[in-house]
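The values are calculated or read from the model by the stated rules, or taken from the named source; none is laboratory data. As the structure is a computational prediction, the values presented were derived from the model and not from experiment. Positions of Cβ are generated from backbone atoms using ideal geometry, with glycine treated the same way; all protein chains shown enter the neighbour counts. Side chains included, ligands, DNA and RNA excluded: accessible areas come from the protein's heavy atoms. Shrake-Rupley method; radii C 1.70, N 1.55, O 1.52, S 1.80 Å.
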Amino acid sequence: MASVDVDRQPLVTRYRSLLRGEQAAICARYLATGDASRLLRERCELIDGVLGDLWRELDAPPSLALLAVGGYGRGELYPASDVDVLLLLPGSPDEGLTAQLEQAVTILYDIGLEIAPSVRTVEECSQASAEDLTIQTALLEARLLTGSEELFTELTSELARVLDPHTFFDAKRKEQDERHLRHYGSPYSLEPNCKEAPGGLRDLQTILWIARAAGYGDTWDDLAQHGFITREEEAQLRRCVAFLQRLRTRLHLHAGRREDRLLFDYQNALAEQWGFQATPTRRASELLMQQYYRTAKEVTQINTILLLNIGAAISPPPNQPPQAINERFQNVHDLLDVVDEEIFRREPGVILEAFRLMQVHPELQGMTARTLRALWHARTLIDDTFRGDPANRARFLDILQQPRGVLHELRRMNQFGVLGRYLPNFGRIVGQMQHDLFHVYTVDQHILQVLRNLRRFLADEFTHEYPLCSELISGFPRPWVLYVAALFHDIAKGRGGDHSELGAQDATAFCAQHGLDEDDSELIVWLVRQHLLMSMVAQKQDFADPDVLGAFAAQVKDERHLTALYLFTVADIRGTSPKVWNTWKGQLLEQLFRSTCRTLLAGGQAPVRQGLIEERQQEALRLLRYFALSEAVHQRLWKQLDTVYFLRHSAEEIAWHTQALHYRTGVEKPVVKARVNPQGEGLEVMIYTRDQRDLFARVVGFFGRAGYTIVDAKIHTTRHGYALDSFMLLDLSDRDSDRAMISYIEHELTERLSRQNPPEAPSSGRLSRQVKHFPMQPVVTIEPDEKGSHYVLSVNAADRPGLLYTIAMTLAAHGANLHTAKISTLGERVEDTFLLSGGDLGEAASRIKLETELLERLKL
């Protein structure tokens with residue numbers, strides 16, 4: 001290879017200009033036609049020509065070979081993909097050749113190629129291939145660009161010698177499983193990787209790599225000729241490939257770099273470029289992502305079938321006779337197999353029987369490839385006639401009522417399109433994303449997550465997670481009615497209108513069609529219609545108030561409805577996002593459940609206020625005796641507290657406050673006490689100080705700067721003008737250091753309240769990308785409570801750093817007195833409720849002004 005020091009700069013300039021011009025022309029043709037496969041092909045042809053010309057201009061030794069490997073070798077060069085090349089040598093290079101090769105690679109970089117070079121001999125390639133699956137896979141697709149054909153033939157012969165199809169299949173399958181786990185085993189991520197995630201391009205490439213290694217060809221046509229797929233499946237695969245190629249190409253061009261994640265930053269722009277148009281109920285990005293999810297689902301279906309088929313061909317299982325299950329199905333190597341592939345077409349009802357057999361035969365580990373294929377092709381037979389057949393309705397209910405396998409089989413039915421065909425409205429929400437800032441799953445996956453959580457309550461190995469739920473569901477008659485409610489509770493998402501009401505209408509029709517008795521039908525429809533009720537009361541209302549508790553008890557009516565709603569609410573919240581659930585929400589729901597149980601046992605009547613107060617006081621006194629305090633220890637503090645205090649605080653909280661304050665009721669210096677939440681995670685903080693202006697804003701700013709968020713606040717002013725406030729805090733950063741923070745909070749907050757410095761805003765943070773790209777319009781309402789003595793401020797907005805501080809400062813500016821605060825964070829969204837009085841809230845114009853100011857300040 002000759003030295004090119006003298007001619008290097010003109011050479012680089014000429015080829016850089018050529019590449020820029022030709023690549024711009026290729027991209028322009030793509031943008032005009034949308035033909036991604038043409039762009040991939042033309043980019044490869046362009047780079048092939050440039051590398052061939054350069055090889056000749058650099059006068060490379062004829063004994064060397066230049067190979068395209070990896071995606072480039074496959075003939076697929078996306079706009080920002082690396083150009084993978086192998087400089088193949090007949091032997092170890094001397095110093096002179098090494099320097100020349102380094103110089104040549106530098107030129108490739110300088111002309112603007114994203115080159116990914118490797119330099120090896122045939123022996124080194126063989127050794128690397130045997131040791132590294134990634135290298136072996138890249139070399140599998142090697143093609144000669146220029147140079148020694150003899151050396152290239154030697155390499156292919158050596159690689160074929162060391163390649164064991166069986167070992168390669170096992171390794172690639174394991175690699176795919178591990179890759180899927182890195183992407184949480186699901187194609188339904190909010191921001192999926194269209195190359196690496198389940199259902200992405202890599203799943204398709206894996207099939208072709210395995211087929212090539214086994215000698216079955218390297219195209220979908222080759223697989224069809226070998227009988228692994230039908231021509232219909234081949235056409236389906238080509239549609240999937242075309243969609244994913246087009247999506248990845250547009251993503252690279254839009255991002256201007258190699259980016260395979262469909263980030264929120266890009267989804268709207270990609271959808272608009274593609275021609276998707278928003279509807280009154282759905283964003284353009286949601287329509288694009290639904291098509292992506294449905295494509296990914298098809299890819300996972302065919303990937304599953306093909307890996308089973310090719311794996312059986314590479315490593316045929318032992319020749320054991322099948323074990324008959326019935327006249328239609330048999331057990332083949334612990335897989336459910338159809339005796340005749342045409343059985344589903346002759347008897348469509350057998351489709352549902354297949355899933356039921358998986359439930360009642362625990363020895364079955366899955367279905368054979370031909371059974372899955374037959375199910376996939378037969379799904380279109382599920383029509384109105386099928387759905388109206390009483391026998392099929394009975395089969396579907398039977399699947400829901402089985403003691404095992406309910407979740408697994410519903411997931412399998414969804415994966416292969418059967419569930420969406422049997423429940424057409426369910427089919428419409430398959431792959432439908434919810435950009436509501438707290439759901440992180442598509443609607444269909446959220447529904448199945450809720451069902452998973454309900455089933456998990458029944459499993460002995462998970463009783464430690466939610467002991468009360470496990471105890472309740474074990475005694476709940478016919479728990480399958482909860483599964484029916486789960487299927488319908490969000491089925492009307494995206495239609496417009498109240499999805500709970502529309503879903504209840506769908507559930508009513510289902511119950512009537514399937515012959516459910518009146519009691520079960522009523523409970524299912526009620527659950528779908530009211531599935532948000534318990535969450536709303538627990539997180540937004542003061543259910544320590546007997547009137548609130550009595551109203552809720554009247555709505556749930558009896559213990560069966562209450563138990564069903566409690567179980568369903570826990571499963572639903574846990575099924576929205578890992579970020580949404582926390583032990584504080586669990587604590588609130590359990591308290592509401594137990595309080596309502598007591599109310600229902602008392603005939604549905606909430607406790608009389610005075611009787612409830614006396615009961616709590618007696619319990620608090622009992623707890624105080626454990627501290628060896630005098631019988632009169634409570635008197636100095638309690639005479640300064642009114643009935644509202646005793647209604648809003650539990651006996652345990654009253655005892656804690658009394659123990660800390662019984663000798664400090666008239667102190668000038670603020671008292672701050674903190675403790676680990678005795679019923680779960682987080683900290684509970686009590687503040688006792690002479691009432692001062694902007695106290696709530698000052699406290700909110702301090703907690704925010706300390707890295708805590710307030711989830712509950714009880715604000716009380718004593719008869720002698722002291723603030724006695726309680727806050728429940730959760731650590732925003734999961735530092736697991738609550739106990740270590742107690743002394744810091746007690747000392748630092750006491751000092752700040754003593755000095756009465758102006759409120760300090762919490763440190764600013766960054767908006768989440770989800771909030772940035774899918775902003776929600778804040779909603780603020782101020783309405784009088786039922787008694788007309790206070791006002792309820794409700795704030796729904798996208799979460800962001802300092803949001804609660806902004807609200808607190810705005811309320812302080814209007815002179816509003818805060819009595820309680822319910823702070824509910826749902827993923828990236830907040831739904832906060834405040835009980836207010838004072839200021840000029842009695843005037844309608846003033847309330848409107850406060851609403852307007854809050855709306856303005858909460859806008860992003």
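Values as computed for the structure displayed
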| item | result |
| --- | --- |
| Criterion: assigned to a strand (DSSP E or B) and crowded, with 17+ Cβ neighbours inside 10 Å - qualifying residue of LEU753, LEU729, LEU749 | LEU729 |
| Condition broken by ILE107, with the remaining ones in (1) among the β-branched types (Val, Ile, Thr); (2) closer than 26 Å to THR219 by Cα; (3) touching a residue at least 60 places away in the same chain (Cβ under 8 Å) satisfied | (2) |
| Output for segment 428-481, where each listed residue is aromatic (Phe, Trp, Tyr) and either more than 11 Å from ALA571 (Cβ to Cβ) or within 16 Å of the chain's Cα centre (by Cα) (or both) | PHE438, TYR441, PHE462, PHE476, TRP480 |
| Residue ranges of helices (runs of 4 or more DSSP H) in segment 1-90 with at least 3 members touching a residue at least 60 places away in the same chain (Cβ under 8 Å) and over 39 Å from the mean Cα position of the chain (by Cα) | 8-33, 36-57 |
| Among the residues listed as ALA374, ALA354, the single one being at pLDDT 95 or above, touching a strand residue (DSSP E or B) at 6+ places or on another chain (Cβ under 9 Å) and surrounded by 15 or more Cβ atoms within 10 Å (Cβ to Cβ) | ALA354 |
| Enumeration of residues in segment 557-585 that are closer than 14 Å to CYS469 by Cβ and either modelled with pLDDT under 90 or of a type in the set (Phe, Trp, Tyr) (or both) | TYR566, PHE568, GLY575, TRP581, THR583, LYS585 |
| Selection count where residues are touching a Phe, Trp or Tyr at 6+ places or on another chain (Cβ under 8 Å) and open to solvent by 50 Å² or more (accessible area, probe 1.4 Å), scope segment 98-111 | 0 |
| Top-ranked residue of segment 512-526 - restricted to ones that are outside any loop (DSSP other than H, G, I, E, B) and of a type in the set (Gly, Ala, Ser), ranked as surrounded by the fewest Cβ atoms within 10 Å (Cβ to Cβ) | ALA512 |
| ARG395 in a loop (DSSP other than H, G, I, E, B), out of contact with any strand residue (DSSP E or B) (no Cβ under 6 Å at 6 or more places or on another chain) and within 27 Å of ALA459 (Cβ to Cβ) | no |
| In segment 527-547, the residues that are open to solvent by 30 Å² or more (accessible area, probe 1.4 Å) and in a helix (DSSP H, G or I) | ARG529, MET536, LYS540, ASP547 |
| Residues that are in contact (Cβ under 8 Å) with a residue 24 or more places away in the chain and farther than 23 Å from ILE710 by Cβ, drawn from segment 571-600 | ALA571, ASP572, GLY575, PHE593, THR596, CYS597, THR599, LEU600 |
| Subset of segment 612-661 [of a type in the set (Lys, Arg) and surrounded by 15 or more Cβ atoms within 10 Å (Cβ to Cβ)] | ARG616, ARG636, ARG648 |
| Which listed residue is of a type in the set (Lys, Arg), more than 28 Å from LEU804 (Cα to Cα) and touching a residue at least 60 places away in the same chain (Cβ under 8 Å), from LYS673, LYS639 | LYS639 |
| Test: residue in segment 775-782 that is modelled with pLDDT under 80 and assigned to a helix (DSSP H, G or I) | no |
| Selected residue (criterion: least open to solvent (accessible area, probe 1.4 Å)) from residues of segment 662-679 that are part of a loop (DSSP other than H, G, I, E, B) and within 21 Å of LEU730 (Cα to Cα) | ASN677 |
| Residues of segment 335-357 that turn out to be under 15 Å from ASN414 (Cα atoms) and either touching a helix residue (DSSP H, G or I) at 6+ places or on another chain (Cβ under 6 Å) or of a type in the set (Phe, Trp, Tyr) (or both), as a count | 4 |
| Extreme residue, farthest from the chain's Cα centre (by Cα), among residues of segment 344-373 that are farther than 26 Å from GLY311 by Cα and of a type outside the set (Lys, Arg) | GLU347 |
| Residue in segment 318-331 that is surrounded by 16 or more Cβ atoms within 10 Å (Cβ to Cβ), free of Cβ contacts under 8 Å to residues at least 24 places away in the same chain, not in a helix (DSSP H, G or I) and not hydroxyl-bearing (Ser, Thr, Tyr) present | yes |
| Residue in segment 497-508 that is open to solvent by 50 Å² or more (accessible area, probe 1.4 Å), free of Cβ contacts under 8 Å to residues at least 60 places away in the same chain and under 25 Å from ARG455 (Cβ atoms) present | yes |
| Close pairs (8 angstrom Cβ cut-off, 6 or more residues apart or separate chains): open to solvent by less than 10 Å² (accessible area, probe 1.4 Å) in segment 236-255, polar (S, T, N, Q) anywhere | CYS240/THR295; LEU244/THR295; HIS252/SER81 |
| Any hit, segment 812-834, residues being part of a strand (DSSP E or B), crowded, with 19+ Cβ neighbours inside 10 Å, among the β-branched types (Val, Ile, Thr) and free of Cβ contacts under 8 Å to residues at least 60 places away in the same chain | yes |
| Test: residue in segment 339-351 that is open to solvent by less than 50 Å² (accessible area, probe 1.4 Å), in contact with an Asp or Glu (Cβ under 8 Å, 6 or more places away or on another chain) and in contact (Cβ under 8 Å) with a residue 40 or more places away in the chain | yes |
| Residue list for segment 469-485, filter: open to solvent by 20 Å² or more (accessible area, probe 1.4 Å) and either farther than 16 Å from PRO403 by Cβ or among the hydrophobic types (A, V, I, L, M, F, W, C) (or both) | GLU471, LEU472, TRP480 |
| Hits in segment 705-721 - residues which are touching a Phe, Trp or Tyr at 6+ places or on another chain (Cβ under 6 Å) and over 18 Å from VAL676 (Cα atoms) | HIS716 |
| VAL440 being within 30 Å of GLU828 (Cα to Cα) and either hydrophobic (A, V, I, L, M, F, W, C) or open to solvent by 10 Å² or more (accessible area, probe 1.4 Å) (or both) | yes |
| Qualifying position, being aromatic (Phe, Trp, Tyr) and open to solvent by less than 10 Å² (accessible area, probe 1.4 Å), among PHE228, PHE168 | PHE168 |
| Any chance GLU409 is open to solvent by 40 Å² or more (accessible area, probe 1.4 Å), outside any loop (DSSP other than H, G, I, E, B) and not hydrophobic (A, V, I, L, M, F, W, C) | no |
| Segment 760-774, subset closer than 21 Å to ALA812 by Cα and open to solvent by 30 Å² or more (accessible area, probe 1.4 Å), residue modelled with the lowest pLDDT | SER764 |
